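Worksheet: one structure, shown below.
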There are 2 protein chains.
Amino acid sequence: MAPEAAWIDGAAATALPLDDRGFAYGDGLFETMRAAGGRIALWDLHLARLLDGCARLGLAAPEPAALAGDCAIALRDAPDALLKLVLTRGGGGRGYARPHAAPIRRILMRHPLPASSDPRGLRAVACATCLPLDPRLAGLKHLNRLHQVLARAEVDAAGADEGICLDGAGRVACATAANVFAVVDGVVCTPAIEAAGVAGVARAALLADRRFAADIRVGELWPEQLARASEVFLSNAVRGVQPLREFDGRPLTVGPAAEAARQALSRAGWVES
Amino acid sequence: MAPEAAWIDGAAATALPLDDRGFAYGDGLFETMRAAGGRIALWDLHLARLLDGCARLGLAAPEPAALAGDCAIALRDAPDALLKLVLTRGGGGRGYARPHAAPIRRILMRHPLPASSDPRGLRAVACATCLPLDPRLAGLKHLNRLHQVLARAEVDAAGADEGICLDGAGRVACATAANVFAVVDGVVCTPAIEAAGVAGVARAALLADRRFAADIRVGELWPEQLARASEVFLSNAVRGVQPLREFDGRPLTVGPAAEAARQALSRAGWVES
């Protein structure tokens with residue numbers, strides 16, 4: 001979907017220089033953000049993940065004020081929007097070698113917000129595509145996302161709404177575009193995202209909420225635990241908390257844990273527009 | 001390095017639409033090719049890898065004649081050149097979901113050929129960045145290349161020419177931009193590239209050469225074997241056969257195996273320009 005408007009380093013743009021390293025190698029990071037009433041939900045957490053990613057990839061950190069300024073321009077005409085912010089290592093370099101003292105490039109794209117999720121909950125399937133064990137890059141929302149593309153193709157082929165991937169050790173990692181929470185033996189569990197997958201910003205907000213996080217277990221979640229979970233829900237910074245009403249053909253009840261998560265995300269400033 | 005000329009789907013271009021999935025997710029493939037006298041070395045092998053990649057990623061296969069036509073236009077004014085051909089899943093789609101019946105996009109960029117390698121051989125180091133075990137994508141030259149970028153940064157920090165990466169199981173996989181051959185106990189060995197790394201086109205040409213490949217062992221190569229190899233050389237479609245004169249501080253002799261590989265690549269049509 002082409003963006004309705006876009007900016008590169010703060011200037012209106014419609015296209016990317018062909019030598020951009022984001023295009024060449026996926027050498028960059030992105031954030032997909034929800035704005036309502038001109039405010040970006042969970043902004044501090046988006047920014048924290050970006051800066052962590054810059055440090056881990058050796059990208060020059062952007063000025064937070066420049067990023068906020070870009071977003072303010074984008075939201076002036078459209079206060080309720082989805083913003084996709086991409087940081088790349090800019091242009092050039094010879095092959096994989098990083099250009100010396102390269103300034104990063106900021107690409108901001110505005111899209112309409114997606115329609116609200118079905119309140120009855122989503123239908124999800126288990127994906128055969130697994131996420132390789134990759135502690136070096138785990139957690140980051142970098143631009144190397146072929147596994148998510150392949151997993152999403154499985155979801156579409158199954159006619160489902162989402163899909164859940166395992167990591168290379170056979171543990172539950174992530175949904176294709178969300179984090180997973182499951183109630184197992186009465187305890188809310190979520191994968192640690194230390195070896196594979198994206199550590200979502202909505203997940204971070206939930207884990208930072210004292211009331212919600214008090215009884216949560218962050219660690220290994222195995223497929224057999226997911227298969228007998230009494231409740232499963234997903235978290236995503238744009239779509240919020242999305243309970244599952246079905247996983248791999250098994251009906252699930254939309255229950256109190258998802259509702260508690262929704263309230264926690266609300267306390268973190270996430271709002272339906 | 002900005003290309004000296006570029007074409008998208010056969011038309012001259014300087015920039016990429018911002019919704020291109022190659023940029024968004026690394027959802028595509030590329031080939032970096034050496035042209036001399038208007039002919040692309042190892043063209044059939046480049047094409048074969050691309051088509052294999054299309055099949056494995058569920059990309060619509062391009063018409064080989066369209067690709068050859070793009071290259072012919074690019075080489076008209078510059079018969080000796082480096083051509084980088086990128087195929088992406090085109091624009092759009094919602095999130096990771098693939099657009100229905102999307103035509104692929106062909107991006108061709110022309111650069112000058114790099115200078116010839118030092119005939120005394122290269123200095124290489126062992127990289128700490130390892131390539132995750134990923135049989136689903138192993139071998140392909142897809143656009144998700146962050147590990148190569150990180151490994152190459154180690155090479156530059158060490159002031160070396162190249163670096164050799166292990167896979168997630170601790171076996172030798174690849175150099176950052178080349179395949180590895182080592183003479184161990186008198187036998188030429190090269191990693192199988194079934195779990196990680198790129199299966200290079202120059203490597204494929206060497207393995208297809210009956211005389212050269214007769215005595216080669218394709219399989220596991222362990223770091224301790226590499227550490228006692230009597231000879232190590234790299235293969236790359238643009239740079240050809242590059243012997244190492246040093247690996248991780250240990251001097252190596254440029255020997256007969258590299259020379260035999262050079263002759264085999266020559267028989268496959270690879271020429272110094």
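The values are calculated or read from the model by the stated rules, or taken from the named source; none is laboratory data. Because the structure is a prediction, the values reported are computed rather than measured. Quick reminder, even Gly has a Cβ in these numbers, built from the backbone with ideal geometry, and neighbours come from all protein chains shown. Side chains are part of the model used for accessible areas, which takes the heavy atoms of the whole protein and leaves out ligands, DNA and RNA. Shrake-Rupley method; radii C 1.70, N 1.55, O 1.52, S 1.80 Å.
State the three equivalent ellipsoid semi-axes of the protein assembly as shown, derived from the C-alpha gyration tensor as the square roots of 5 times its eigenvalues, in descending order and whole Å.
Numbers: eigenvalues 356, 140, 86 Å².
Value: 42, 26, 21 Å, ordered largest first.
7 Å along Cα→Cβ for the label point: how many nanometres lie between B:Val271 and each equivalent label in the other copies, listed shortest first?
7.0
Give me the summed buried accessible area for the B-A pair, 1.4 Å probe, to the nearest 100 Å².
Working: alone 12810 and 12810 Å², together 21150 Å².
What B and A bury together is about 4500 Å².
Shortest first and in nm with one decimal, please list how far the A:Ile73 label point sits from its counterparts in the other copies (point 7 Å along Cα→Cβ).
Spelled out, the distances from A:Ile73's label point are 3.2 nm.
Under the rule of at least 5 residues apart or a separate chain, name every residue whose amide H is placed under 5 Å from the amide H of A:Glu246.
A:Leu122, A:Ala124, A:Leu252
Per the Kirkwood definition applied to all pairs of different Cα atoms, how many angstroms is the hydrodynamic radius of segment B:187-268?
Numbers: mean 1/r = 0.0761 Å⁻¹.
After inverting the mean inverse Cα-Cα distance, the result is 13.1 Å.
Give a residue-ordered list of calculated ³J(HN,Hα) values for segment A:247-255 (Karplus: 6.51 cos²θ - 1.76 cosθ + 1.60, θ = phi - 60°; whole Hz; x for Gly, Pro).
Using θ = phi - 60°, the values come out as 10, 6, x, 8, x, 10, 9, 6, x Hz.
Enumerate the calculated ³J(HN,Hα) couplings along segment B:112-119 in order (Karplus 6.51 cos²θ - 1.76 cosθ + 1.60, θ = phi - 60°), each rounded to whole Hz, writing x wherever the residue is Gly or Pro.
x, 5, x, 4, 4, 5, 4, x
Sorted from shortest, what are the nm distances separating the label point of B:Glu224 from equivalent points in the other copies, each placed 7 Å from Cα along Cα to C-beta?
3.5
Which of the lysines could be linked to A:Lys84 by a straight reach, that is with a Cα gap under 24 Å, when you skip same-chain ones fewer than 8 residues away?
Correct list for A:Lys84: A:Lys141.
Round to a whole number: what % of the accessible area of the protein assembly as shown belongs to carbon and sulfur, probe 1.4 Å?
Reported share for carbon and sulfur atoms: 53 percent.
Once you put a point 7 Å from the Cα of A:Arg39 and another 7 Å from the Cα of B:Ala11, both along the Cβ direction, what distance in nm separates them?
Inter-label distance under the simple model: 4.5 nm.
Tabulate in residue order the Karplus-calculated ³J(HN,Hα) for segment B:208-220, using 6.51 cos²θ - 1.76 cosθ + 1.60 with θ = phi - 60°, rounded to whole Hz; enter x for Gly and Pro.
Using θ = phi - 60°, the values come out as 8, 7, 4, 5, 6, 7, 3, 10, 9, 10, 9, x, 7 Hz.
Apply the Debye scattering formula to chain A, with a single equal point scatterer on each alpha-carbon and no solvent, then give log10 I(q)/I(0) at q = 0.10, 0.13 Å⁻¹.
Taken in order of the listed q values, log10 I(q)/I(0) reads -0.51, -0.87.
Could you name every residue in segment A:1-37 that has 30 Å² or more less accessible surface in the full protein assembly than in its own chain alone (probe 1.4 Å, ligands and nucleic acids excluded)?
A:Met1, A:Ala15, A:Leu16, A:Leu18, A:Asp19, A:Phe23, A:Ala24, A:Tyr25
Can you classify segment A:161-208 as rounded, prolate or oblate using the Cα gyration tensor, where a ≥ b ≥ c are the square roots of its eigenvalues, rounded means a/c under 1.5, and otherwise it's prolate if a/b beats b/c and oblate if not? Provide the component values of the computation, followed by the final result.
On the way: a/c = 1.38, a/b = 1.14, b/c = 1.21.
It is rounded, given that a/c, with a ≥ b ≥ c, falls under 1.5.
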